[in-house]
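S.K.: Quick one: the structure is below, and I'll ask about it shortly.
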Amino acid sequence: MKSRVLVMALVAPVSLLMGQEPSRPSRKNEAIPSSLKPVTWERLRNAAEEPQNWLMYSATLDSQRFSRLDQVRRENVSGLELKWAYQIPQIDRAETVPLVVDGFMFITEAPSNLVAVDAGTGRPYWRYEHELPEDLRICCGRNNRGVAILGETLFMSTLDAHLVAIDARSGSLIWNTKVADHKAGYSKTEAPLAVKDLVVTGIAGGEYGIRGFLDAYHPETGELAWRLYTIPGPGEPGHETWAGDSWKTGGAPTWITGAYDPELNLIYWGTGNPGPDWNGEGRMGDNLYSDSALAINADTGKLEWHFQFTPWDVHDWDAIQVPILADLELNGEARKMMMWANRNAFYYTLDRETGKFLVGKPYAKQTWAEGLDESGRPIRAPGKLPTREGNVVSPPVLGGTNWYSPAYSPRTELFYVNAYDGEQEFFLREEEYREGEQYTGGGAQNVEPIDKYKSAIRALDPRTGDLRWEFEIQPRSSSGLLATAGDLVFGGTVDGYFFALDAESGRELWHVAVGARVHSAPITYSVNGQQLVTIAAGNVVFTFGLD
Amino acid sequence: MGIASLIIVFLVSGSVGISQPTEAQENPFDTEVDERIGGRVFLSECGRCHGRDARGNDETGAPDLTRGRLRTASTDAGLFQVIRDGIPGTAMIGIGWAPDPTIWQIVAYVNTLRIDPGDYDLPGSVDRGRGIFNGKGNCASCHMVKGNGGRRGPDLSTVANRRKPEELKTDLTDPDETVEPRWWTLKVARADGSLVEGLRMNEDTFTLRIMDAEENLWHFSKQELRSLERIETSPMPSVAGTLMASEVDDLVAFLFSLRKESGT
């Protein structure tokens, strides 16, 4: 054996002994061909008109997760079959929502990596691997949910609270900007959103006593254009809703991608729980703007209006759901609506021009509120706060829904949400803030096995919040949804199914076992005229199409 | 580190994953005070994923730490290393930024979550309990122990790793108190009207698997069923009416002897 071969034989087991998982055979990064055209702001603004692509986290700026593709439809969806699978060389559960641009797919991988593959075959072109420090502070797994693209540059959040810009053709790093200090509990997991000539991106760390914010960066340089703190500082309106110095550690992160209305020039973004999560004794007040929908001027970062779903939250019901924007008539009047099924188990329709509350009612089991008042503010039920002994409340920490993307079909005019009628016992405990350590003030635990509770995909009428149909899931789902012009709704389950339902009736039309939890959201696109549907399950990205 | 020096490390140590402390090291912070402090740190640093009660978390995929031996750490030193360094390539991240004594205190706390037979002085006789299990109690007709017995109840070969004596007693005298969904009964009516009833071997969104009283396995697609009924009580009768209190104690003593011993 020649010496070079001997070196390789020795080095390979070293990496295994160090606990690194074996990776795929090393490939040299290969630039993708010139058929990828720059993704201009005009393309993003009109993304619905190129359904062969999936150009942003929620497909279009209105976040409807609706595709005009109809090659796969109710009549033939049962013929879907596997076209290719891409194995992510990490064993974390993938939460990625890939982008597809002109036949190329960009998939984020745990912990903070990005790979470009051929969207028709799954064959890789290049991989960007982000070097991370060892002292990450992350509450809930090594997650990354996707990237944004503008021009020929991809933008990705990283677990060490950086934002990186990567050349879409080569995978080369263009810039790397520190957004916040990871040692203080900040991290980044969400897919950024390109808005005109800026890249808008949120922050995670609501379990570490951070002060949340939403940022916009210049795509060419990585310089900060504006920052909106989600907790007002001294002298700003809303600051008085935090007792003492609690605003400094009040959380309100922005860890899921929002939406944008070009006509109103407003960015809509949800905020997470106030901190500490379950002990609100030290932060009396409404705790603005935690658990809120924010409407933000895209050029200046100025807050135009807000709607708080859960004032003084003590159950960890983040309002980071993806806002869905659609225009419908309500009582004979055309309305610019925002649809929102909140983690607190209430469904809301808001007027997205003004933030005015239009519709609200429970879409999942809840015991914490007697209802909503005329302004949409919850009327709290007595005796439903966390206690030192434990107190059973619905919904559970994971909510009536959570971060799982909903969908909306303009064909059926229905809003589709992954709902859960659960409950948990909520506890309160004392906790002092120490920088970089978890700061939650309590916890929750299951009362019964999850099989006892009802989980369902529900179709709601956004004009009333009424249930139109439901499809029961056993035991439950943590999948996002996709609606298509083929009148289909796609989703998955925690025990490894991927399925398609009739968007009008909820009837099951097709399912396949993908062997591991679906903890991401499906996308659809087409390559060479063939419609494909992609879903990440476990750590594998599966793509299906008709024969 | 260059390749040459990496090779030297490999050849000299025989293992690059050098553990500090050594595998044999016992926990130097294992008093009751340490356990309490460790419990508090566990709640803030670990409870988010593993659950406040350490019984795991469906959303995060973090395992239950209360049941028997831990998969990735069978010694105190191993557990220390997992808490400090995490498990590479998984969602289990370490808290290496925390001081070593704090990590040892978490180890002490996690060790309290598991059942220590030394904590119990039971009144019953293991031998008499074994006899009741296989005889008068008729337990073996449904329950398997180390390969012998029926399949219509949980395999009890290592039941003492997951159930305390008082819980075992409740299981025997009030079987409906805690019924895992796996042991619910399903009654289904097929399209032709015929009925099948049996244990809920598996149920997901689309299918059912049932084992009937003769231990026959049935598989159904939910779409093909006319009706489905779940019975969430236990098919097991209480022993309260058939065994004397001392016999129940004997049976508990026997069941609490059924464990997976360290190193096996």
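Any read-out appearing in this document is the output of simple, stated calculations on the displayed coordinates, not a laboratory observation. Here the structure is a predicted model, which means the values were calculated and not measured. So basically every Cβ, Gly included, is an ideal-geometry build from the backbone, and we count neighbours across all protein chains shown.
S.K.: Using each residue's phi in the range B:150-162, evaluate 6.51 cos²θ - 1.76 cosθ + 1.60 at θ = phi - 60° and report the 3J(HN,Hα) Karplus result to the nearest Hz, with x for Gly and Pro.
M.R.: Ordered by residue, 3J(HN,Hα) equals x, 10, 8, x, x, 5, 9, 4, 10, 4, 6, 6, 10 Hz.
S.K.: Now for a different question. Suppose only helical runs count, i.e. DSSP H with n ≥ 4. What mean residue ellipticity at 222 nm does that imply for the protein assembly as shown under -39500 (n - 2.57) per run, divided by all residues and rounded to the nearest 500 deg cm²/dmol?
M.R.: On the way: 10 runs with 98 residues, N = 811.
Roughly -3500 deg cm²/dmol at 222 nm, from the helical runs in the protein assembly as shown.
S.K.: Sorted by mean Cβ packing within 10 Å, highest first, what order do the peptides A:386-394, A:57-65 take?
M.R.: Working: A:386-394: 16.2, A:57-65: 26.3.
Put in order of decreasing packing, that is A:57-65, A:386-394.
S.K.: Cross-link list A:LYS365/A:LYS454; A:LYS188/A:LYS248; A:LYS188/A:LYS454; B:LYS187/B:LYS222; A:LYS248/A:LYS356: which exceed 21 angstrom alpha carbon to alpha carbon? Can you show the working numbers first?
M.R.: Working: A:LYS365/A:LYS454 9 Å; A:LYS188/A:LYS248 19 Å; A:LYS188/A:LYS454 32 Å; B:LYS187/B:LYS222 12 Å; A:LYS248/A:LYS356 29 Å.
In this structure, A:LYS188/A:LYS454; A:LYS248/A:LYS356 exceed 21 Å between Cα atoms.
S.K.: Just tell me which aspartates and glutamates come within less than 18 Å, Cα to Cα, of B:LYS146; anything on the same chain fewer than 8 places away is out.
M.R.: Filter leaves B:ASP127, B:ASP155, B:GLU261.
S.K.: Among the aspartates and glutamates, which fall within straight-line cross-link reach of B:LYS169, defined as a Cα-Cα distance under 12 Å, with same-chain neighbours fewer than 8 residues apart omitted?
M.R.: Output for B:LYS169: B:GLU177, B:GLU247, B:ASP249, B:ASP250.
S.K.: Can you tell me the Rg and Dmax of the range A:140-182, counting just the alpha carbons, in angstroms?
M.R.: Expressed in Å, the Cα Rg and Dmax of the range A:140-182 come to 10.8, 32.
S.K.: Where the centre of each part is set by its Cα atoms, how far does the range B:210-264 sit from the range B:92-164, in angstrom?
M.R.: After rounding, the separation between the Cα centres reads 17 Å.
S.K.: Amide H of A:ARG468: which non-local residues (sequence gap of 5 or more, or other chain) have their own amide H closer than 5 Å, using H built in the peptide plane?
M.R.: So A:ARG468 has HN proximity to A:ALA459, A:LEU460, A:ASP461.
S.K.: Report ³J(HN,Hα) in whole Hz for each residue of the range A:153-168, in order, from the Karplus equation J = 6.51 cos²θ - 1.76 cosθ + 1.60 where θ = phi - 60°; Gly and Pro get x.
M.R.: Per residue, the Karplus-derived 3J(HN,Hα) values read 10, 9, 10, 9, 7, 10, 5, 8, 6, 10, 10, 10, 10, 10, 5, 5 Hz.
S.K.: As I understand it, the value is the acute angle between the Cα axis of helix B:76-85 and the longest principal axis of the Cα atoms of chain B; what does it come to in degrees, rounded to 10?
M.R.: Between helix and principal axis, roughly 70 degrees.
S.K.: Collect residues whose amide H, placed 1.01 Å from N in the peptide plane, falls under 5 Å from the amide H of A:LYS83; neighbours closer than 5 in sequence don't count.
M.R.: Answer set, sorted by chain and number: A:THR543, A:PHE544, A:GLY545.
S.K.: Rounded, prolate or oblate: which one fits the range A:90-147, using the alpha carbon gyration tensor with axes a ≥ b ≥ c (rounded when a/c is under 1.5, else prolate when a/b beats b/c, else oblate)? Mind showing how you got there, number by number?
M.R.: Values: a/c = 2.71, a/b = 2.05, b/c = 1.33.
Note, shape of the range A:90-147 comes out prolate.
S.K.: Still on this structure, please answer the following. Hey, what angle do you get for helix B:32-41 against the long axis of chain B, alpha-carbon based, 0 to 90 degrees rounded to 10?
M.R.: For B:32-41 against chain B, the angle is about 90 degrees.
S.K.: If you take the square roots of the eigenvalues of the alpha-carbon gyration tensor of the range A:41-545 and sort them as a ≥ b ≥ c, do you get rounded (a/c under 1.5), prolate (a/b over b/c) or oblate?
M.R.: Details: a/c = 1.41, a/b = 1.18, b/c = 1.20.
Note, shape of the range A:41-545 comes out rounded.
S.K.: Starting from the Cα of A:LYS302, draw a straight line to each of the lysines and keep only those under 18 Å, dropping any in the same chain fewer than 8 residues away.
M.R.: The qualifying lysines are A:LYS196.
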